[in-house]
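A short write-up of the structure that comes next.
Derivation of every value follows stated rules applied to the coordinates shown; laboratory data play no part. Note that the structure is predicted; figures quoted are calculated from it, not measured. All Cβ positions, even for glycine, are placed from backbone atoms using ideal geometry, and neighbour counts span all protein chains on display.
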Amino acid sequence: MLNNVNITGAAGACHGVVVETGTDAVTGKFYAIQVLSDATFSAFTENGSSGDVMTGFAIPAGTVIYNGLGITAFTLTSGKVRAYKLP
């Protein structure tokens, strides 16, 4: 599966970010989620994915989860993240 992250013209956070430190459901269209503090997701929805879900296990701080097709929703059980918006 081709899953290139094309951030040309959207480098860094020029389209905005969402910082989540609680357990509120977050929706939008993001190309990357940076884990700021060890995080566990109770919900994680992304375009073009298959296989096991990204929920129920700890993802260590410093990890960046990329999806150039878009991460469209997530809910944390614990941790802190910074989600970078797609245009």
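Key figures
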| quantity | calculated |
| --- | --- |
| Lys, Arg +1 and Asp, Glu -1 on Cβ, resulting dipole of the stretch 16-87 about Cα centre, debye, nearest 20 | 220 debye |
| Computed over the chain: relative contact order in percent, which uses C-alpha pairs under 8 Å that are six or more apart | 48 percent |
| Rounded if a/c under 1.5, otherwise prolate or oblate - the chain, Cα gyration tensor axes | oblate |
